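**Q** Sharing a structure here in structure tokens format.
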Amino acid sequence: MQKRRLGRTNLEVSIVGFGGTWLSELDSSVAVDVVRRAFGFGINYFDTARWDGDSEEKLGHALSGVRDKCVIATKTGSRTKMESLVDLKKSLSLLQTNYVDIIQLHGIDDERSLNKAISSDGALQTCKKAQKEHLARFIGITGHKPKILVKAIESGEFDAVLVPLNVVTRQAEEELLSVAKDLDVGVVAMKVFSAKTSNLVTCLYQPSLSLLSDEPELKALLGQTNVEMVNSLLRYVLSRDVASAVVGLRSLVEVEISAKAGVAFDGLTGSEPWLFDFDLGDCFCRDCGACMPCPENVNVPAVLRFGSFYSVFGLKNWARKLYEGLDVKFDKCSNCGLCESRCPFDLSVVRMLREAHKCLSVF
């Protein structure tokens with residue numbers, strides 16, 4: 001499988017990476033088989049987290065014989081120096097290694113979390129100490145809000161960034177990817193198969209936010225079979241300025257499909273650039289969450305994102321189903337204007353909500 005340089009770390013990572021989130025749901029023997037199968041296909045980038053159940057333990061066991069041929073990244077969700085140090089020591093023990101290639105500050109989605117984590121008593125201090133003591137080679141950061149991640153990497157403290165990116169989740173392309181390239185910060189994409197929006201978690205939300213679903217419109221866009229859909233989604237992300245696309249894998253079949261898509265990738269060809277050419281314009285929701293909370297409990301970012309699925313990507317029926325699944329619709333809006341006053345992008349939020357509601361409502 002093709003490998004790419006992960007920014008200034010100079011680590012060479014497989015363009016398809018292994019996300020360890022789902023390992024905690026597998027029997028130990030199955031988890032080991034899945035990880036080793038991925039390694040056999042040329043996947044050498046493995047991403048996990050301290051709080052992903054027993055994923056670190058299973059990953060460490062599976063890779064114990066090939067540790068020096070792998071790039072292992074884990075995360076601490078703790079914000080303080082003391083708590084994150086406990087996390088790191090536990091991670092090293094479970095991963096059966098005396099160092100991790102990348103230690104990441106996990107889920108930094110607002111300025112308060114960022115400021116706390118990089119303060120003099122924050123988790124960043126643990127990461128920097130770990131570097132000095134050769135317990136971690138590089139420091140990364142993860143989050144769902146590109147605007148916050150831009151501020152983080154502009155500090156010069158982070159060597160890598162993990163961010164959502166897929167065919168309908170393009171906020172990272174507006175600024176983060178170019179800033180990361182200028183600073184030589186390595187970018188890894190996550191949520192490649194998921195249209196997760198704001199506080200709606202893909203695996204818990206009904207109807208599903210997964211892009212690998214049986215929705216006819218998604219199949220028309222991405223392909224009629226799971227293999228075709230996985231290929232399309234990975235090819236889109238890998239055509240961007242990212243080093244690797246991390247995929248959560250939980251079966252031998254999923255490993256084979258994703259790995260083969262990575263092995264076959266050699267740039268977009270034919271009509272593919274046109275297929276993925278959607279114009280978001282300037283007035284679109286970046287899903288930054290600054291507009292929340294709403295006094296009437298309207299999930300403003302979700303409504304606007306579903307509106308973009310309808311109007312920009314042409315996923316009209318799917319968008320309507322997603323909107324119908326929201327507990328509170330825009331018709332409960334009191335027109336207080338709080339969301340609009342909070343928007344850092346000066347969007348006409350109330351007007352955009354009204355337009356989305358008109359398109360998405362099923363009468």
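**Q** Using the charge dipole of the chain (Lys, Arg: +1 at Cβ; Asp, Glu: -1 at Cβ; taken about the Cα centre), state which of Leu176, Leu252, Ile139 has its Cα farthest towards the positive end.
**A** So the residue we want is Ile139.
**Q** Hey, another quick one. Mind listing the lone cysteines of the chain, meaning no other Cys beta-carbon sits under 4.7 Å from theirs?
**A** By the Cβ distance rule, which asks for a partner under 4.7 Å, the isolated cysteines are Cys70, Cys127, Cys203, Cys283, Cys285, Cys288, Cys294, Cys333, Cys336, Cys343, Cys359.
**Q** Based on alpha-carbon positions alone, could you give the equivalent ellipsoid semi-axes of the stretch 205-245 from the gyration tensor, as √(5λ), descending, whole Å? Walk me through the numbers before you get to the answer.
**A** Working: eigenvalues 85, 33, 11 Å².
For the stretch 205-245, the ellipsoid semi-axes come out as 21, 13, 7 Å.
**Q** If you don't mind, another one. Per residue and in Å³, how big is the convex hull formed by the alpha-carbon atoms of the chain?
**A** Cα convex hull per residue, to the nearest whole number: 132 Å³.
**Q** With the dipole of the chain worked out from charges on the C-beta (+1 for Lys and Arg, -1 for Asp and Glu) around the Cα centre, which of Gly42, Phe306, Gly281 lies farthest toward the positive end?
**A** Result: Gly42.
**Q** What number, rounded to the nearest 500 deg cm²/dmol, is the helix-based mean residue ellipticity at 222 nm of the chain, given -39500 (n - 2.57) per DSSP H run of at least four residues and division by all its residues? Please list the in-between numbers first.
**A** Working: 16 runs with 149 residues, N = 363.
For the chain, the value works out to -11500 deg cm²/dmol.
**Q** How large is the charge dipole for the stretch 3-274, taken about the Cα centre, if only the Cβ atoms of Lys, Arg (+1) and Asp, Glu (-1) carry charge, to the nearest 20 debye?
**A** 620
**Q** Considering only Leu212, Cys70, Val187, whose Cα is most displaced toward the positive end of the charge dipole of the chain, charges sitting on Cβ of Lys, Arg (+1) and Asp, Glu (-1)?
**A** The one lying farthest along the dipole's positive direction is Cys70.
**Q** What is the dipole size for the stretch 278-360, taken about its Cα centre, with +1 at each Lys and Arg Cβ and -1 at each Asp and Glu Cβ, in debye to the nearest 20? Don't skip to the end; give the middle numbers.
**A** Numbers: 11 positive and 10 negative charges, 47 e Å.
Computed charge dipole of the stretch 278-360: roughly 220 debye.
**Q** As a quick test, which of the pairs Lys69/Lys191; Lys58/Lys116; Lys219/Lys316; Lys219/Lys321; Lys132/Lys181; Lys151/Lys316 have an alpha carbon distance above 23 angstrom in this structure?
**A** Lys69/Lys191; Lys58/Lys116; Lys132/Lys181; Lys151/Lys316
**Q** Considering just Cα atoms, how many Å³ per residue does the convex hull of the stretch 278-360 enclose? Could you put the intermediate results ahead of the total?
**A** Working: hull volume 6.5 nm³, N = 83.
Expressed per residue, the convex hull around the Cα atoms of the stretch 278-360 is 78 Å³.
**Q** Of the beta bridges DSSP finds with both residues in the chain, what % are antiparallel, to the nearest 5?
**A** 20
**Q** Step through the table entries Lys3/Lys128; Lys147/Lys358; Lys75/Lys147, compare each Cα-Cα distance with 24 Å, and write down the pairs that go over it.
**A** Lys3/Lys128; Lys147/Lys358
**Q** May I ask for log10 I(q)/I(0) of the stretch 38-174 at q = 0.09, 0.11, 0.12 Å⁻¹, from a Debye sum over the Cα atoms as equal point scatterers with solvent left out?
**A** -0.26, -0.39, -0.46
**Q** Convert 10 °C to kelvin, take the viscosity as 1.306 mPa s, use the Kirkwood radius over C-alpha pairs of the stretch 180-306 as Rh, and evaluate the Stokes-Einstein diffusion coefficient in µm²/s, rounded to a whole number. Don't jump to the answer; show the numbers that get you there.
**A** Values: Rh = 16.6 Å.
Reported coefficient: 96 µm²/s.
**Q** For the stretch 87-164, what log10 I(q)/I(0) values come out of the Debye formula at q = 0.12, 0.18 1/Å, with one point per alpha carbon and no solvent?
**A** Log10 of I(q)/I(0), two decimals: -0.31, -0.69.
**Q** Whole number please: convex hull volume per residue of the Cα set in the stretch 115-234, in Å³?
**A** 133
**Q** Something else now. Principal axis lengths of the stretch 152-221 from Cα atoms, whole Å, largest first?
**A** Principal extents (largest minus smallest coordinate, Cα): 43, 24, 15 Å.
Bear in mind that the values in this text are calculations on the coordinates, not laboratory data. Because the structure is a prediction, the values reported are computed rather than measured. Backbone-built Cβ (ideal geometry, glycine too); neighbour counts: all protein chains shown.
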